[in-house]
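Right, one structure below, let's go through it.
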């Protein structure tokens with residue numbers, strides 16, 4: 001690596017990666033097994049939203065539904081003597097089924113929503129999320145209110161007590177793979193076309209690109225990534241129920257992506273880190289106690305007001321002030337349709 | 001400012017800084033565990049369908065700890081303020097955290113994980129509701145070196161299906177609590193057919209299962225089962241579905257849903273005929289039944305192994321000299337003693353008392369991966385306020401259950417215990433086993449069978 005390639009972003013990335021790799025040595029077991037593992041899996045789910053937002057101009061609330069579908073598929077396939085289908089199959093078959101169902105439903109969602117933009121797209125994906133939540137809440141053959149408990153990871157990961165770090169490192173490896181995969185995809189002709197569609201769908205359509213198909217495929221790809229997060233979630237939590245994918249959870253994942261910065265993939269994990277830590281520690285402060293949800297909301301509101309581009313926007317601005325470079329992307333909210341896509 | 005910024009030009013970036021700060025916090029937490037005290041966590045519901053019983057839950061825990069370990073409530077008018085002191089054989093009791101759950105299992109798992117893994121609880125007391133307990137029992141299986149006792153949750157699966165060796169329940173399940181009601185409906189009230197409406201989750205199913213199993217066992221026929229989701233706010237569609245050409249309706253809609261359901265039923269079918277209704281424990285739970293209309297006066301209700309009006313020294317002592325001694329008020333329900341017989345106050349109390357007895361048996365020593373404590377807990381027998389409680393092979397209570405009748409006293413609704421069934425097991429007289437389908441929307445099926453207590457229920461002496 002030449003001196004010119006040593007950028008603050010890369011230094012920061014390397015530092016974070018080093019800390020993440022050494023986390024079991026630096027942090028308590030609770031931090032590694034509960035908080036940081038949760039950060040990584042929520043980061044994966046939020047990254048799928050950030051990808052759609054930053055590179056396809058689609059802010060989706062359905063990512064939570066997709067990870068739920070993957071999680072419920074795995075739970076139904078692998079557990080016995082619990083609620084749901086009780087199939088008791090091999091955990092790896094459950095993984096395959098989870099990815100298939102999650103990705104498949106994401107493609108269906110994407111095909112249905114791909115012709116909408118802006119707030120209408122957001123509302124349609126919200127509807128998908130609500131449908132998934134109600135489906136699993138009311139169809140007791142696959143879940144019901146109580147959901148599926150006793151979901152164990154494959155023997156290679158082992159029990160939570162005996163192997164606290166294994167799932168963390170798997171989540172870390174998958175986070176890295178997901179991040180690099182997103183980076184790669186955005187540089188492929190498909191990714192570039194997607195960005196063209198984000199900026200001016202009419203022009204891309206005139207050039208012969210199938211806008212709806214590109215959007216559907218992007219949604220399916222993001223769904224695949226979200227499904228990975230869903231599988232990690234049920235391995236980590238050992239349980240999934242409709243409240244795992246309710247409106248609160250949808251808003252949480254959106255908040256994570258917004259706090260981190262909806263235009264940079266790294267923001268997903270940064271947002272997840274801030275969200276998880278704040279969420280965990282606020283309620284232990286005695287004078288806040290049961291009111292912690294309100295305080296969490298106020299903190300998030302403050303962050304978004306101070307920096308519409310999230311924490312990554314603050315980072316960019318700090319670098320800009322230091323003269324290294326100008327902020328990228330301008331932090332434009334993807335919720336606001338451009339004149340071009342507003343006409344679509 | 002400019003100099004400051006420059007000095008940070010190549011310093012730790014925002015992300016690294018955040019994680020470093022977090023690392024320090026994490027390391028600090030890691031070094032804060034202590035071995036000598038008995039570290040106890042409590043899992044309560046402070047929101048959701050049963051959030052209004054949060055103070056009752058904590059009152060039950062702290063009253064038991066105050067009565068048997070020398071602890072003392074910080075505020076007799078608010079159990080949620082916690083306790084000071086308390087020890088078993090020199091091992092101080094330390095309440096490390098109280099989890100704020102709702103009725104959903106996902107949050108219960110997160111809170112339990114936080115309390116066990118972050119706050120280093122050795123022992124957990126709770127949770128309150130059915131699906132939470134199923135999830136926590138599964139969590140317990142993954143953490144065999146910790147010990148879990150139930151709070152007031154009554155799902156059958158928790159102990160009959162999950163069977164975690166380190167999860168103990170000194171309260172009955174929802175089916176056990178309804179022993180005697182099916183016989184009452186068929187043989188006393190003359191119901192031949194019944195409709196059932198219950199919350200669509202583990203406890204609702206279990207509660208309904210107790211009534212269905214016994215009503216069908218004695219020859220009745222359940223012709224309709226309706227299961228609205230927990231936390232439904234508008235019950236009109238479910239109330240309208242309920243058949244009126246049946247002899248009676250069993251209602252196991254609980255918590256914040258009961259009153260909206262009854263209102264919706266009256267809107268759909270007119271004034272309630274109390275002789276055609278039997279409710280589960282929520283109809284007689286202190287803190288809830290007072291809000292019901294006197295229209296339901298005369299209806300029979302299931303209990304929770306509780307009978308607040310029992311005319312025995314043990315029951316009076318518990319209400320006045322235990323709950324009423326340590327607490328003056330349990331908000332928002334008012335005076336503490338009348339709330340002693342609440343499912344939630346009593347559930348958390350009896351489970352905490354069972355735990356204390358186990359801890360006393362091992363002299364407060366929880367070493368050895370808590371295996372000696374768990375062995376001792378399995379043998380605990382409690383001469384409780386409402387009868388003897390002991391555990392079966394799945395660490396589930398065998399207990400005396402009671403059923404009550406609502407009546408009007410001085411223009412207000414009151415509860416009178418009218419029947420009791422001793423020695424009710426979770427198998428419900430052989431109806432349920434580890435291999436029978438778990439209670440659900442279609443289980444158990446309506447089958448005639450013999451139950452050991454049918455026709456043998458007794459009428460206990462009560463305070464008039």
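None of the figures in this text is laboratory data; all of them are computed from the coordinates on show. From a predicted model like this one, the values you see are computed outputs, not experimental measurements. Neighbour counts are summed over all protein chains in view; Cβ atoms, including those assigned to glycine, are modelled from backbone coordinates with ideal geometry.
Key figures
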| read-out | value |
| --- | --- |
| Order by protection proxy (mean Cβ within 10 Å, highest first), peptides B:233-241, B:114-122, A:55-63, B:246-254 | A:55-63, B:246-254, B:114-122, B:233-241 |
| q = 0.05, 0.06 Å⁻¹, the protein assembly as shown: log10 I(q)/I(0) [Debye, one scatterer per Cα] | -0.28, -0.41 |
| FRET efficiency, residue A:306 to residue B:145 (Cβ-Cβ, R0 41 Å, nearest 0.05) | 0.35 |
| Percent RCO, i.e. relative contact order, over region A:52-196, from Cα pairs under 8 Å lying at least 6 residues apart | 28 percent |
| Förster radius 25 Å - calculated FRET efficiency between residue A:180 and residue A:25 (Cβ-Cβ, nearest 0.05) | 0.50 |
| Centre separation in Å (Cα based) which lies between region A:105-133 and region B:207-278 | 37 Å |
| Cα-derived Rg over Rh, computed across region A:84-241 with Rh taken as Kirkwood radius | 1.03 |
| Whole-angstrom Cα spans of region B:50-164 along principal axes, big to small | 37, 32, 25 |
| Theoretical ellipticity at 222 nm over chain A - DSSP helices of four or more residues, -39500 (n - 2.57) apiece, nearest 500 | -21500 deg cm²/dmol |
| Size-normalised alpha-carbon gyration radius of region B:348-407, reference 2.2 N^0.38 Å | 1.33 |
| Alpha-carbon centroids, region A:1-51 and region A:175-189: separation in whole Å | 16 Å |
| Proxy reagent accessibility, fewest Cβ within 10 Å first, across A:285, A:278 | A:285, A:278 |
| Sorted by Cβ density within 10 Å, fewest first, the residues B:143, B:317 | B:317, B:143 |
| Cα centroid separation, region B:290-331 to region B:394-425 (Å) | 10 Å |
| Whole-number percent relative contact order across region B:287-435, with pairs defined as alpha carbons under 8 Å at least 6 apart | 27 percent |
| Cα shape, region A:1-111, gyration tensor, a/c 1.5 rule | oblate |
| Helix-only mean residue ellipticity at 222 nm for chain B, each DSSP H run of n ≥ 4 adding -39500 (n - 2.57), per residue, nearest 500 | -8500 deg cm²/dmol |
| Principal-axis tilt of helix B:54-69 within chain B, Cα atoms, nearest 10 degrees | 70 degrees |
| Approximate shape of chain B as ellipsoid semi-axes (Cα gyration tensor, √5λ), whole Å, largest first | 40, 25, 22 |
| Cα-only Debye scattering, region A:99-148: base-10 log of I(q)/I(0) at q = 0.22 Å⁻¹ | -0.85 |
| Likely footprinting exposure, B:446, B:46, fewest C-beta neighbours within 10 Å first | B:446, B:46 |
| Ranked by how many other beta carbons lie within 10 Å on average, peptides B:279-286, B:198-205 from highest | B:198-205, B:279-286 |
| For region B:206-283, alpha-carbon Rg and Dmax in angstrom | 12.2, 35 |
| Radius of gyration and maximum dimension Dmax of region B:256-413, Cα, Å | 18.7, 62 |
